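**Student:** Next up is a structure, given as structure tokens.
The values are calculated or read from the model by the stated rules, or taken from the named source; none is laboratory data. In this text the structure is predicted, and so the values were computed from the model without any measurement. Every residue, glycine as well, gets a Cβ built from its backbone with ideal geometry; the counts of neighbours run over all protein chains shown. In case anyone asks, the SASA skips ligands and DNA or RNA and just uses the protein heavy atoms, side chains included. Shrake-Rupley method; radii C 1.70, N 1.55, O 1.52, S 1.80 Å.
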Amino acid sequence: MGAVITPQLVDTVDTISAVRSYSSGMSRHLTTCEVERWGLRMECPTPEDPFSDSEVTWLIPDLGLRLTHHRPRSRHARRAPSVLTAVRVERDGRSWRTTDLLLGLAVPGGTTARIVRSEEFAAAVAGRVLRSGDADLALRTVHRTLEEISLHRHDMTSWLMHRGLYEVWPPL
């Protein structure tokens, strides 16, 4: 059975009202929505997820990446991998528009990162949902990032410091 072709996924964040709107029509109020020198820091509760209490997301436009981490509900739960997704980010004053390029990396921390969503990406390219320029951008972004993270022994904080982001990932 092949991957399902989905339309391009576009999120919009209004930094004044702290609302993230999804292409599905759903929206979420953010508990954290801060514009940083390196991008946008967000967090929102995930009441529909039985394992995750909240989702932490950073948009880093200069790298073409969205970093996502799900905070577990239980202190004793195993930590989920961080996910880095190739994105195209457009900023217009208070609005940040993110187009998901459907390819990313799962970085468990301390072990090898792996490419994720490749079937969905391939189906979107084959179905021309993803334009060739965006597909090329996604591949370059993910492969560059994988190489850089590998050079930093798959340590996200070390890799972020190398990129000039002196923040702890995942945030405490």
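**Student:** Is it fair to say Asp53 is part of a helix (DSSP H, G or I) and among the acidic types (Asp, Glu)?
**Tutor:** no
**Student:** Working carefully through the options Asp92, Asp136, find the one that is under 24 Å from Val13 (Cα atoms) and more than 16 Å from the chain's Cα centre (by Cα).
**Tutor:** Criteria check complete, one pass: Asp92.
**Student:** Taking the range 160-172 only, how many residues are in a helix (DSSP H, G or I) and exposed (fewer than 14 other Cβ atoms within 10 Å of the Cβ)?
**Tutor:** Matching residues across the range 160-172 total 1.
**Student:** Name the residue that is farthest from the chain's Cα centre (by Cα), counting only residues in the range 139-149 that are open to solvent by 50 Å² or more (accessible area, probe 1.4 Å) and of a type outside the set (A, V, I, L, M, F, W, C).
**Tutor:** Glu147
**Student:** Another question about this same structure. Take the residues in the range 1-54 that are of a type in the set (A, V, I, L, M, F, W, C) and at pLDDT below 90, then tell me which one is most open to solvent (accessible area, probe 1.4 Å).
**Tutor:** Among those that are of a type in the set (A, V, I, L, M, F, W, C) and at pLDDT below 90, it is Met1.
**Student:** Residue by residue through the range 79-90, note down the ones that are modelled with pLDDT of 95 or more and either open to solvent by 10 Å² or more (accessible area, probe 1.4 Å) or small (Gly, Ala, Ser) (or both).
**Tutor:** Once the filter is applied, which keeps residues that are modelled with pLDDT of 95 or more and either open to solvent by 10 Å² or more (accessible area, probe 1.4 Å) or small (Gly, Ala, Ser) (or both), the range 79-90 yields Val83, Ala86, Arg88, Val89, Glu90.
**Student:** Another question, if that's okay. What number of residues in the range 114-152 are touching a residue at least 12 places away in the same chain (Cβ under 8 Å) and among the charged types (D, E, K, R)?
**Tutor:** Final tally of qualifying residues: 5.
**Student:** Please state which one of Thr157, Thr141 is modelled with pLDDT of 95 or more, out of contact with any Ser or Thr (no Cβ under 6 Å at 6 or more places or on another chain), not aromatic (Phe, Trp, Tyr) and not in a loop (DSSP other than H, G, I, E, B).
**Tutor:** Thr141
**Student:** Could I ask something else about it? Out of all the residues in the range 95-107, is one or more in contact (Cβ under 8 Å) with a residue 12 or more places away in the chain, among the aromatic types (Phe, Trp, Tyr) and open to solvent by 60 Å² or more (accessible area, probe 1.4 Å)?
**Tutor:** No - not one qualifying residue is present in the range 95-107.
**Student:** Mind checking which residues of the range 61-88 are assigned to a strand (DSSP E or B) and in contact with an Asp or Glu (Cβ under 9 Å, 6 or more places away or on another chain)?
**Tutor:** Passing the criteria: Arg66, Thr68, His69, His70, Arg71, Pro72, Thr85, Ala86, Val87, Arg88.
**Student:** Considering each residue of the range 59-78, count those that are free of Cβ contacts under 8 Å to residues at least 60 places away in the same chain, of a type in the set (A, V, I, L, M, F, W, C) and either in contact with a Pro (Cβ under 6 Å, 6 or more places away or on another chain) or surrounded by 18 or more Cβ atoms within 10 Å (Cβ to Cβ) (or both), and give that number.
**Tutor:** 1
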